[in-house]
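Student: Please see the structure below; I have some questions.
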Amino acid sequence: MGLKREEGKAQAPGTPGDRGDAPSLDIALQAASLAEARLREAIEAMPQGIVFLDAEDRYILWNERYAQIYERSADLLQPGARLEDALRIGISRGDYPDAVGREEEWLGERIAHLHRPGVRHEQRLSNGRCIMIEERRIGGGGTIGIRVDITDLKQKEETFRLLFERNPLSMLVYDIETGRIRAANEAACALFGHAPGGMDGMDARDLFPEAHQLAASARLRADTTDVCEPRDLFPEAHQLAASARLRADTTDVCEPRDHWPMLRSDGTCIDAVIATRRSELDDYAGTIVSIFDVTERRRIEQRMAHMARHDELTGLANRAHCREHLHRLLADNAGRPSGGETVTLALVDLDHFKPVNDTYGHHFGDMVLTEAAERMRELIPPEALLCRIGGDEFAVIFRRSSLTQAELVSKSIITTLSEPFFVQGHMIHIGATVGFASSPYDSREGETLMRYADLALYAAKGERRGTCRGFEASMDAAAQEKNRLEQDLRAAVREGQLAVHYQPIVDLQTGAVECYEALLRWQHPGRGAVPPDVFVPLAEEMGLIDQIGRFVLASACRAAMGWPEHVKVAVNVSPLQFRNGNLLSTVINALSSSGLPAERLELEITEAVLMEKGPRPAAIIRNLRAFGIGISLDDFGTGYSSLSYLLNYPFTKIKIDKSFILNLQEEPNSRAVIRAVIGLGRSLGLTVAAEGIEREIERDYLRGEGCTQGQGYLFGKAEAATTAHGKETRAA
């Protein structure tokens, strides 16, 4: 048995998936796990049986002592089992002698006690033991149960003396009139560094530092029986209960009611929780004082509090601390008539850091992050706060610094992080990009200021990495517009506003249409025609590209079934469709549902597909080709490694990018590239198609060079399936 806890519970919210927040959440959970392990040891060392029940009176966890007390029922102790069910089975076994002949009545009384927290009662077991039970409700509706075996005490005349002398808790008998200690048990003497009996007659004030003596005297005279809560008497148990509920944020763990500094004989100080009970003892009024040493627990709590607010790797403030500090500064400013001081938030994103992890490993990357943090720490002003808020993202909160000063520091950070890092004999180059926003100029609200700084960082990275950029109102307008466009695109997909149009690809020698390229169109009811180069990347970013891709493939295959059998259909495929791994099944489903022969379908891919790491893209391409589906390399000539791709993949067609065609007359180099590509295609047995043909002079040149196919406005624009094939294209 021993201490147990439920397995498989869901993690605390805020997780996942959330993104940049994953590392901060992991650190907090690790801190909670460490605390749970330490506190588990503390409760196991306690002589009382401890049990925790949830709001429905189901077992959450218990210690070894609890299992020993109920040894005959130990097999019933399971996480999630109801206490009432365990009691009922125990009654049937004869574990509870007082229940014999009045089983249901006894069970009802026991459950009533459970639901009357704070009322102590005794329980006899079949092995002759007598158990004192005390149960208290905790936050969230659960119950802490304490089981004390009082069998020996019940059998002795001097119950109190035995409890006092043998109790492992530190206990004193305090004389209210004289302020002196009448007796101290062995545990108390050991705790304060005295020999047994060495504290008798001692002035109790000497146990406290001078500044606390007056308050301590009042505490020792008081009766705290009715005001102390279970968390005060058993603080370790309370904190473990909080950990068991997976509350990773230490700010949610309740502090004990009061801690008292107490002095040992050697002058060292401990933290203690004091509970007192007024009693009439012999011929004097006194209190029974219980002292709980929580020094180690306090140290653990302080460490946990630090870890909850600081990054474990760099020691910097973490995201939670950053947000809290920013909100506090802005709240202080809000209360000042003049508007307060300038507060600037700068977000620092490390450039080219991912390749460091990919190349050398995360341990190596951690060393780079640590050195980067040290470099930045040396640059920030004394009153600024440097934080690590994500994997490779940092933040600096400037106070009492002008916007110009904050910008100068940000540029210094970029400069110092652009200098090489020397780690284990390797020279590493990264860099940084910074975006910042300032209060009160940009916003007086913390979350808005963070969003504005993030928008500035995004704009800086989009413009040129290694730069520093402040927030501008147009950035927020662009972000709002993008958000509206995202919502409109979701509605368009949901409501069927997207349509597939078809542009002819002709034989340059005969002018006959040999293929149609399927092109997605979005006619927005308010915006009008939205260009594909606007909404297609957005669909990829939003995770809609698979759904849209299935729609385009299915529509194109159905439309092609209405064309002459020699006319093919070409469909563009996104790199994300390859990455998600569903492309092959999507294509097969589209062909089978439409009845279109595989030989009449061409898939156009770009170099971005081929740059994906791993064997998946190559395997998918070869499987598609094995079905007879044509594979076309789009935008040929604009990438870095197009020639090597032609040798490694089973392409059937290459398409010359339209940028070469548009510069055909002005750029001699364009003609040279076109001539080389056509010759290469002819040598490899590939069809060569040219995009963007708008004038007859371009058509004539390409035809003269031996280009196989042509596509462009000269032959026809993309139109709906019902009209596309019926129109005549211009003859070559």
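Student: Say whether the condition of being among the hydroxyl-bearing types (S, T, Y), touching a residue at least 24 places away in the same chain (Cβ under 8 Å) and either surrounded by 22 or more Cβ atoms within 10 Å (Cβ to Cβ) or over 17 Å from L508 (Cβ atoms) (or both) is met by at least one residue in the stretch 683-692.
Tutor: Within the stretch 683-692, none of the residues are among the hydroxyl-bearing types (S, T, Y), touching a residue at least 24 places away in the same chain (Cβ under 8 Å) and either surrounded by 22 or more Cβ atoms within 10 Å (Cβ to Cβ) or over 17 Å from L508 (Cβ atoms) (or both).
Student: Here is a further query. Report every pair of residues separated by at least 6 positions or lying on different chains whose Cβ atoms are under 8 Å apart, first residue within the stretch 469-486 and within 13 Å of M542 (Cα to Cα), second part of a helix (DSSP H, G or I) and open to solvent by less than 70 Å² (accessible area, probe 1.4 Å).
Tutor: Within 8 Å, the pairs are K482/L538; L485/V534; L485/F535; L485/L538; E486/L538; E486/M542.
Student: Does D271 satisfy the condition of being of a type in the set (D, E, K, R), modelled with pLDDT of 85 or more, open to solvent by 30 Å² or more (accessible area, probe 1.4 Å) and touching a Ser or Thr at 6+ places or on another chain (Cβ under 6 Å)?
Tutor: It is true that D271 is of a type in the set (D, E, K, R), modelled with pLDDT of 85 or more, open to solvent by 30 Å² or more (accessible area, probe 1.4 Å) and touching a Ser or Thr at 6+ places or on another chain (Cβ under 6 Å).
Student: Kindly state which helices (runs of 4 or more DSSP H) lie completely within the stretch 476-591 and contain at least 2 residues that are within 22 Å of A626 (Cβ to Cβ).
Tutor: 545-560, 575-580
Student: Separate question: Quick one: what pairs do we get from the stretch 378-392, first residue over 15 Å from I414 (Cα atoms), second part of a loop (DSSP other than H, G, I, E, B) and among the small types (G, A, S), C-beta under 8 Å, 6+ apart or different chains?
Tutor: Note: pairs meeting the criteria are P381/S401; E383/S401; A384/S401; I389/G20; G390/G20; G391/G20.
Student: To continue, here is another question. Does the stretch 433-452 include one or more residues that are surrounded by fewer than 24 Cβ atoms within 10 Å (Cβ to Cβ), farther than 20 Å from S401 by Cβ and of a type in the set (F, W, Y)?
Tutor: Checked the stretch 433-452: no residue is surrounded by fewer than 24 Cβ atoms within 10 Å (Cβ to Cβ), farther than 20 Å from S401 by Cβ and of a type in the set (F, W, Y).
Student: How many of the residues making up the stretch 335-377 are of a type in the set (G, A, S), under 21 Å from G470 (Cα atoms) and free of Cβ contacts under 8 Å to residues at least 60 places away in the same chain?
Tutor: Total satisfying the criteria: 0.
Student: If a residue must be free of Cβ contacts under 8 Å to residues at least 24 places away in the same chain and surrounded by 13 or more Cβ atoms within 10 Å (Cβ to Cβ), how many such residues does the stretch 393-414 contain?
Tutor: Within the stretch 393-414, residues that are free of Cβ contacts under 8 Å to residues at least 24 places away in the same chain and surrounded by 13 or more Cβ atoms within 10 Å (Cβ to Cβ) number 1.
Student: In addition: What number of residues within the stretch 89-124 satisfy the criterion of being more than 22 Å from A55 (Cβ to Cβ) and without any contact (Cβ under 8 Å) to a residue 12 or more places away in the chain?
Tutor: Counting residues in the stretch 89-124 that are more than 22 Å from A55 (Cβ to Cβ) and without any contact (Cβ under 8 Å) to a residue 12 or more places away in the chain gives 7.
Student: Restricting attention to the stretch 157-181, and to residues there that are of a type in the set (S, T, N, Q) and in contact with a helix residue (DSSP H, G or I) (Cβ under 9 Å, 6 or more places away or on another chain), which single residue is modelled with the highest pLDDT?
Tutor: My answer is S170.
Student: Next question. How about the stretch 595-657: which strands (runs of 3 or more DSSP E) wholly inside it have at least 2 residues that are acidic (D, E) and either open to solvent by 40 Å² or more (accessible area, probe 1.4 Å) or modelled with pLDDT of 80 or more (or both)?
Tutor: 601-605, 630-636
Student: Determine whether I144 is outside any loop (DSSP other than H, G, I, E, B), open to solvent by 20 Å² or more (accessible area, probe 1.4 Å) and either of a type in the set (S, T, N, Q) or touching a residue at least 24 places away in the same chain (Cβ under 8 Å) (or both).
Tutor: no
Student: Now for a separate question. Could you check how many residues of the stretch 73-83 are surrounded by fewer than 15 Cβ atoms within 10 Å (Cβ to Cβ) and in a helix (DSSP H, G or I)?
Tutor: 2
Student: Could you tell me whether E383 is open to solvent by 10 Å² or more (accessible area, probe 1.4 Å), within 20 Å of D332 (Cβ to Cβ) and among the charged types (D, E, K, R)?
Tutor: yes
Student: Considering (1) within 30 Å of the chain's Cα centre (by Cα); (2) open to solvent by less than 20 Å² (accessible area, probe 1.4 Å); (3) among the acidic types (D, E), say which one E486 fails and leave the rest.
Tutor: (2)
Student: Another question, if that's okay. Look through L520, L538, L544 and report the one residue that is out of contact with any Phe, Trp or Tyr (no Cβ under 7 Å at 6 or more places or on another chain) and under 30 Å from D700 (Cα atoms).
Tutor: Just a single option satisfies the conditions, and that option is L520.
Student: Now a separate question. Counting only residues that are touching a strand residue (DSSP E or B) at 6+ places or on another chain (Cβ under 8 Å) and not in a strand (DSSP E or B), which one in the stretch 120-134 is most open to solvent (accessible area, probe 1.4 Å)?
Tutor: Step by step, filter the stretch 120-134, then rank; the result is R120.
Student: Sticking with this structure for a sec: Identify all residues within the stretch 658-669 that are in a helix (DSSP H, G or I) and of a type in the set (S, T, N, Q); write none if there are none.
Tutor: S659, N669
Student: Sticking with this one: Just for the stretch 491-532: of the residues that are under 21 Å from C557 (Cβ atoms) and acidic (D, E), which one is surrounded by the fewest Cβ atoms within 10 Å (Cβ to Cβ)?
Tutor: So, considering only residues that are under 21 Å from C557 (Cβ atoms) and acidic (D, E), the one surrounded by the fewest Cβ atoms within 10 Å (Cβ to Cβ) is E514.
Student: On to the next question. Looking only at residues in the stretch 670-679 that are touching a helix residue (DSSP H, G or I) at 6+ places or on another chain (Cβ under 9 Å) and either assigned to a strand (DSSP E or B) or open to solvent by 50 Å² or more (accessible area, probe 1.4 Å) (or both), which one is nearest to E514 (Cα to Cα)?
Tutor: R675
Student: Being among the acidic types (D, E) and on the phi > 0 side of the Ramachandran plot, is that true of even one residue in the stretch 280-302?
Tutor: yes
Student: Quick one: in the stretch 349-377, of everything that is of a type in the set (D, E) and closer than 12 Å to L417 by Cβ, which residue is most open to solvent (accessible area, probe 1.4 Å)?
Tutor: Within the stretch 349-377, the match that is most open to solvent (accessible area, probe 1.4 Å) is E374.
Student: Follow-up question, since we're still on this one. What are the residues in the stretch 87-109 that are open to solvent by less than 10 Å² (accessible area, probe 1.4 Å) and more than 16 Å from H121 (Cβ to Cβ), if any?
Tutor: Matches in the stretch 87-109: G90, D95.
Student: Which one is surrounded by the fewest Cβ atoms within 10 Å (Cβ to Cβ), of the residues in the stretch 307-331 that are more than 14 Å from R388 (Cα to Cα) and of a type outside the set (A, V, I, L, M)?
Tutor: Within the stretch 307-331, the match that is surrounded by the fewest Cβ atoms within 10 Å (Cβ to Cβ) is R328.
Student: So, of the residues in the stretch 186-236 that are within 15 Å of A275 (Cα to Cα), open to solvent by less than 50 Å² (accessible area, probe 1.4 Å) and assigned to a loop (DSSP other than H, G, I, E, B), which turns out to be modelled with the lowest pLDDT?
Tutor: Filtering first and then ranking leaves F234.
Student: Taking the condition more than 29 Å from A512 (Cβ to Cβ) and not aromatic (F, W, Y), does N572 pass?
Tutor: Criteria not met by N572.
The values are calculated or read from the model by the stated rules, or taken from the named source; none is laboratory data. None of these values were measured; they are calculated from a predicted model. All Cβ positions, even for glycine, are placed from backbone atoms using ideal geometry, and neighbour counts span all protein chains on display. The protein model used for the area step is the full one, side chains on, heavy atoms only, and it has no ligands, DNA or RNA in it. Shrake-Rupley method; radii C 1.70, N 1.55, O 1.52, S 1.80 Å.
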